[in-house]
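All remarks here apply to the structure that follows.
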Amino acid sequence: MQELTHYINGAHVKGTSKRFADVFNPATGEVQAKVPLASVEEVSHAVEVAQAAQIAWGAVNPQRRARVMMAFVGLLNRDMDKLAEALSREHGKTFVDAKGDVQRGLEVVEYCIGAPEMLKGDYTDGAGPGIDMYSMKQPLGVTCGITPFNFPAMIPMWMFAPAITCGNAFILKPSERDPSVPLMLAELMEEAGLPKGILQVVNGDKVAVDALLENEIVQSVGFVGSTPIAEYIYGKGCAHGKRVQCFGGAKNHMIVMPDADMDQAADALIGAGYGAAGERCMAISVAVPVGDETADRLIEKLVPRIEALKVGPYTAGEDVDYGPVVTAAAKANIERLVQTGIDQGAKLVVDGRNFNLQGYEDGFFVGPHLFDNVTKDMDIYKYEIFGPVLSTVRAQSYEEAIGLAMDHEYGNGTAIFTRDGDAARDFASRINVGMVGINVPIPVPLAYHTFGGWKKSVFGDLNQHGPDAFKFYTRTKTVTARWPSGIKEGGEFNFKPME
Ligand code: NAD
């Protein structure tokens, strides 16, 4: 059995806590590795190493720091297949999707190559008589990030690339379910020229997270994961005086207007609802057709597409649309919620229960499900399922449809499918959700915009990546300077005592 490590001060280090978590191959259900769960002492050691290393790194000029990112991009491209393979093996997503996971992280690294521009600061010449004023953007010091299982390459890179280019040291506490790719990323950053101790990986669970939150040296905490944990980390991190941003769960609605191209809408829902087995915070989990006639046409288009979905292991290559979910517990939770949907009166139009894949009977596969006639009071509507389950809520008007998305406690992403510019424009303007798609089902902003939801999908002020990341990972210092009159007033030729 492979025993994974931490990555501290430029080396793989075995865990000393004697506590481990199982890392599964979700396609076979086998335990393929053990990951160490760090103790408070191991976390403190990593923090001290980071603090010592950060002083020199913070003093390196931004252009040189950006060059490390440039080299890192080259290494990510060189090792793309290797990273994607390791990612699929632990997460279960298809190989193509795993490459997308690396790619969307890589794009944020590319954006960080522009750090010198982002870190330039402001200058007022002549703020008063003989006075200049300038603002500098300085690193925070030791920063950390706690990341979810569902994007084990992308989300760590969204955090550590801007943190490090801003001159900080970063401690990554990745998900214990798929920790191998984060460890590989730390190695690659050093190969790219990053000094030891600036990017470290501490594997662990709540013990490690609490140790980071309580450590006085740690200046900021980034978190992405489920809403209850996001809320906990935000509260505790703020109480310990840290700068904190936490991104939580989602329930993303896609509104389908009567004038939408129904083939396009159905194709979009297949990818956005079932891609990555629905384990995306930007997955569409609720379809809201407007009018019964629209709903009937949409369901008619969806059913054959869903029934044709190919579910299997990533090793089957492009023959597979989506893979298993991450753990047996995740599968059991999805099945439990599906049962509540049936019990509470929703109509199960496509039944993915009892899905069985020959040769992979112990894998965590879940067949695709489609519900119709879902209502607001049902558990499958209220809670994030994080599985291949799409719920259809029939709305009788556009106002009812937009109201559903607005009233839901989550506000990560949403979409509208229509040919009508007026409806699309109204939707984009009024909706209280952070990321909006117009005929685009998964509107994930590119690296140079920012990513973040509203409502219970976020705790904190600034979004991820884009210009917000450079704000989050720097502190502003403003200098007011006045110089006494000097040599330009005329040379002094006689020796005079100082006055
Ligand atoms: P999770 O909340 O279970 O775990 C996230 C991280 O928190 C992991 O590193 C985990 O070790 C740690 N953690 C878990 N329990 C903890 C506790 N009690 N105390 C301290 N730390 C704890 O989330 P997950 O299952 O890994 O990821 C799926 C969730 O993440 C979904 O809810 C999804 O919507 C969300 N997500 C959100 C975004 C976003 O940008 N909003 C992006 C991706 C995923």
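Here, each number is a calculation from the coordinates, and none is a lab measurement. Quick caveat, the model's predicted, so the values are computed rather than measured. Note that each Cβ is placed from the backbone with ideal geometry, even for glycine, and that neighbours are counted across all protein chains shown.
Annotations for the structure displayed:
- Considering helices alone, the calculated mean residue ellipticity of the chain at 222 nm is -12000 deg cm²/dmol, with DSSP H runs of length four and up weighted by -39500 (n - 2.57) and normalised per residue.
- Potential lengthening between residue 30 and residue 316 on full extension [0.36 nm per residue; Cα-Cα distance subtracted]: 101.2 nm
- Förster radius 25 Å - calculated FRET efficiency between residue 96 and residue 264, Cβ distance, rounded to 0.05: 0.70
- Here is the size of the chain from its Cα atoms: Rg then Dmax, 25.4, 100 Å.
- Extension gain from residue 400 to residue 487, taking 0.36 nm per residue of separation minus the Cα-Cα distance: 23.9 nm
- Charge dipole magnitude, Cβ of K and R +1, D and E -1 - the chain, Cα centre, debye nearest 20: 1400 debye
- For residue 437, distant residues with modelled amide H under 5 Å away: 414, 415, 416
- Note on the chain: dipole from Cβ charges, positive end direction compared against 126, 1, 163; the farthest Cα belongs to 126.
- Estimated distance in nm for a label pair at residue 446 and residue 41, the labels positioned 7 Å out from Cα along Cα-to-Cβ: 5.0 nm
- Nearest-0.05 FRET efficiency for residue 56 and residue 478, computed from C-beta distance (R0 25 Å): 0.50
- Rounded tilt (10° steps) of 292-307 against the dominant C-alpha axis of the chain: 80 degrees
- The label-point distance for residue 136 and residue 80, in a model that sets each label 7 Å from Cα toward Cβ, rounds to 4.0 nm.
- Proximity of backbone amide H atoms, modeled 1.01 Å from N, is registered between residue 20 and 37 at under 5 Å, excluding neighbours fewer than 5 places apart on the same chain.
- Separation in nanometres of the label points that stand 7 Å from Cα toward Cβ, at residue 376 and residue 336: 2.6 nm
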